[in-house]
Amino acid sequence: MKKQIRALILLVCMALMCSCSQQGNDTDSRMDMFIDELMGRMTLEQKLGQMNLVTGGDMVTGHVMSNELEQMIRRQEIGGVFNVKGAGKILELQRIAVEETELGIPLLVGADIIHGYETVFPIPLALSCSWDTVAIEKMARISAIEASASGINWTYSPMVDICRDPRWGRIAEGNGEDPYLGSVLGPAYVRGYQGKDMSGKDEIMACVKHFALYGAVEGGRDYNTVDMSRQRMFNEYFPPYEAAIRSGAASVMNSFNLVDGIPAAANKWLMVDVLRDRWGFDGLLVTDYDVISEMSTHGYASLPEASVKVLEAGTDMDMVSSGYYSTLKQSLDNKAVTMEIIDKACRRVLEAKYRLGLFEDPYKYCDTASVAGKIYTPEHRRVARDIATETFVLLKNANQTLPLVPKGRIALIGPMADAANNMCGMWSMTCTPSAHESLLAAMTKELQGKAELIYSKGCNIYADSTVENNANGIRPIARGDNELLLRQAMAAASKADVIVAALGESAEMSGESASRADIWLPDVQQKLLRSLAATGKPVVLLLFTGRPLVLTWEDANVDAILNVWFGGSEAAGAICDVVFGRVSPSGKLTTTFPRHAGQIPLYYNHMNTGRPDPDAKVFNRYTSNYIDESNEELYPFGYGLSYATFEYGAVSLDKTTLTAGDSITASVKVTNTGHCRATETVQLYTRDIYASLARPVKELKGFRRITLEPGESREVTFTITPDMLRFYNSQLEYVWEPGEFDLMTGPDSKNLSSVRFLSLIHI
């Protein structure tokens, strides 16, 4: 009987599709007619079931809610599941949903595919340092191919939260501190995941998160509250969300934090006035993990009341808390909510499934026979390795210590050297770390027959085992005796000509629930590095990290610092490519590195004060500064060295007055004055001198990645239009005001050549 019902649904669908094709092939009309018919046969409980999202528990992001997943599907209590791994397992769940239920509605199957599936790419913060939209889109495309082959049709990515506080662990999951760059990179993720229209078998649904302002939590402490003006929201934090949504993202996830004292998911101004009405988002809106039930802890509302408020705020699907499924029937009976708003939410869930093609082919993502040929392939691994090299940022290179010449004796020392399970970083729970190569293995292979490699672990992650356990999470690194490890390291260093120190954070020291009050290198690692530097031998610091760290001592005392972030499953080979000079590093920072944690938040596009410090390096009383620390950052936004050197000419304009409907062309000549082929990211900034609201001291407005041969020059041009100068005023109107502007170009946000132009509404 159920198979007959299923067949009937498909026949109705096909008939409607044929009918509407004759009327202009209107896809939305076909979808509406199909869903109208389906919802007309659904009970209230079945509708609420579609709005219920539960975890399978294979890839844990919190406490597992249910151990009876199959029974829940048979009872039509859920519309989707996440964190289930394995094509065969997902196929069975989908089969139960389609063939063993009255309505045969397929499941959404989600997962946190953040920076790869089995083939793991660098963490998103690292990817942003490539400034390469093509590479990011390619990463997302490969992620979608691998995840879809395993049965997954929905990824909770990209995270586009702006973050200016490196204490927040989830800074690793985003694109850094700048709204313009975030607005360019977010859509690249969406295009890669969703493809043309999600119709292909390897195209999955993207989910923009976390709406809104999650990266601005107070104190950098995860899940904490947020408080800021709406003018600041629109100018500094909202642009990446809006850009990703306007690029076609089919779903959005709201955030854990309070906004204006209201949990974001229940904030109707955010979800309806801004997201739905102002930006025109009509896709699927889902809560984050257990958000509705946590509103009672916020002191905002009980589960039944919170469920109503979240639903009325436009959220369609409840992740894990089961507030919708367990309370909305009673709320409907009590007239606390209307059937109309329940229907609207249920419809959006069904629309997402329709757009994914699940009603046409419920097993679209369950081709178990082809899985092996699509996952962790040699081609995918090659791309991952190439992209990883683009993300590494060379922070210091005194006396051209890098690249290393493979000769003599090289000491590889540090807890990250032989930690294959640590290479991928946070949110890589779908991969198989045992398949990944450690840095030690890669360097051993690299130096075979060329140089002697001397290895020593050197130290633990932290001196204290309890703190280290807190830091390591699910992927611990074996510990040893601190003093014995240090003695062994110094013995290895004594035999070497050059020392490579592989230090930094373990994978789980960044990401969700991994905030740090202290963002220096951990204690015992500092002790090791100071001891290695004291030998007087050249020391190269390979820095593994998911956030900016305070590296003031390291910058002053170590010969070379290469920030390799967490480079993914192919990180070890990529590190060798750069360290030994086959590839010149080209990464540029997308977050400011502070000199001291007390400077946080520290970001390049800040507002000026009425009393700016005239000299950031010297204390000046009655100006905006610190008694005990400079205002100056250690490494500015956009910074990154190369094995080549680049000479910038002065920026020039084809005209100095900009009017409505017109443009200015800015030009700057860039020359590779070094001895190797290398890639440089040329950056464009503007400053609005006077405006109705104070504007930042500078704002990124464009960039160009160029690759030059030694001695080659290129004229890099930018087109300046009035739209680039717009901002949200105090009435939240998106305006362009006349006046003077500075235009600046250079290799980073600090080292810039400037020219002034005049903007006029009318001439």
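The values are calculated or read from the model by the stated rules, or taken from the named source; none is laboratory data. Please read all numbers here as calculations on a predicted model, not as lab measurements. No Cβ is skipped: glycine too gets one built from the backbone with ideal geometry, and neighbour counts run over all protein chains shown.
For residues that are among the β-branched types (Val, Ile, Thr) and over 29 Å from Leu725 (Cβ atoms), scanning just segment 624-678, find the one that is nearest to the chain's Cα centre (by Cα).
Among those that are among the β-branched types (Val, Ile, Thr) and over 29 Å from Leu725 (Cβ atoms), it is Thr645.
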For Lys85, only one of the following conditions fails: (1) among the basic types (Lys, Arg); (2) at pLDDT 95 or above; (3) outside the structural domain of Tyr117 (by TED's automatic domain parsing). What is its number?
(2)
Subset of segment 429-471, residues touching a residue at least 24 places away in the same chain (Cβ under 8 Å), under 15 Å from Ala492 (Cβ atoms) and of a type in the set (Val, Ile, Thr), comes to Ile454
Restricting the search to segment 737-763, which residues are within 10 Å of Thr657 (Cα to Cα) and among the hydroxyl-bearing types (Ser, Thr, Tyr)?
Ser759
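Looking at Thr623, is it surrounded by 14 or more Cβ atoms within 10 Å (Cβ to Cβ) and touching a residue at least 40 places away in the same chain (Cβ under 8 Å)? Give the steps one after another, and end with the answer.
Details: surrounded by 14 or more Cβ atoms within 10 Å (Cβ to Cβ): yes; touching a residue at least 40 places away in the same chain (Cβ under 8 Å): no.
So Thr623 does not fit the description; no.
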Within segment 23-64, which residues are hydrophobic (A, V, I, L, M, F, W, C), under 30 Å from Ser428 (Cα atoms) and modelled with pLDDT of 95 or more?
Met51, Leu53, Val54
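Here is a yes/no grid of residues against (1) of a type in the set (Asp, Glu); (2) assigned by TED's automatic domain parsing to the domain that holds Leu653; (3) part of a loop (DSSP other than H, G, I, E, B); (4) farther than 26 Å from Leu641 by Cβ:
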{"residue": "Ala694", "(1), (2), (3), (4)": "no, yes, yes, yes"}
{"residue": "Arg704", "(1), (2), (3), (4)": "no, yes, no, no"}
{"residue": "Thr707", "(1), (2), (3), (4)": "no, yes, no, no"}
{"residue": "Arg714", "(1), (2), (3), (4)": "no, yes, no, no"}
{"residue": "Thr719", "(1), (2), (3), (4)": "no, yes, no, yes"}
{"residue": "Ser749", "(1), (2), (3), (4)": "no, yes, yes, no"}
{"residue": "Arg756", "(1), (2), (3), (4)": "no, yes, no, yes"}
Answer yes or no as to whether Glu360 is of a type in the set (Asp, Glu) and part of a loop (DSSP other than H, G, I, E, B).
yes
Which ones in segment 123-142 are more than 27 Å from Gly88 (Cα to Cα) and more than 10 Å from the chain's Cα centre (by Cα)?
Cys129, Ser130, Trp131, Asp132, Thr133, Val134, Ala135, Ile136, Glu137
Taking segment 376-400 only, how many residues are of a type outside the set (D, E, K, R) and either in a strand (DSSP E or B) or more than 22 Å from the chain's Cα centre (by Cα) (or both)?
9
One residue is enough: does segment 220-240 have a residue meeting the conditions at pLDDT 95 or above, among the hydrophobic types (A, V, I, L, M, F, W, C) and at positive phi?
no
Test: residue in segment 401-419 that is at pLDDT below 95 and crowded, with 18+ Cβ neighbours inside 10 Å
yes
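Which of the residues belonging to segment 596-620 are under 19 Å from Ile162 (Cα atoms), surrounded by fewer than 20 Cβ atoms within 10 Å (Cβ to Cβ) and in contact with a strand residue (DSSP E or B) (Cβ under 9 Å, 6 or more places away or on another chain)?
Residues of segment 596-620 that are under 19 Å from Ile162 (Cα atoms), as a first pass: 597, 599-607.
Next, from what is left, pick out any that are surrounded by fewer than 20 Cβ atoms within 10 Å (Cβ to Cβ): 597, 599-601, 606-607.
His606, Met607, listed by residue number.
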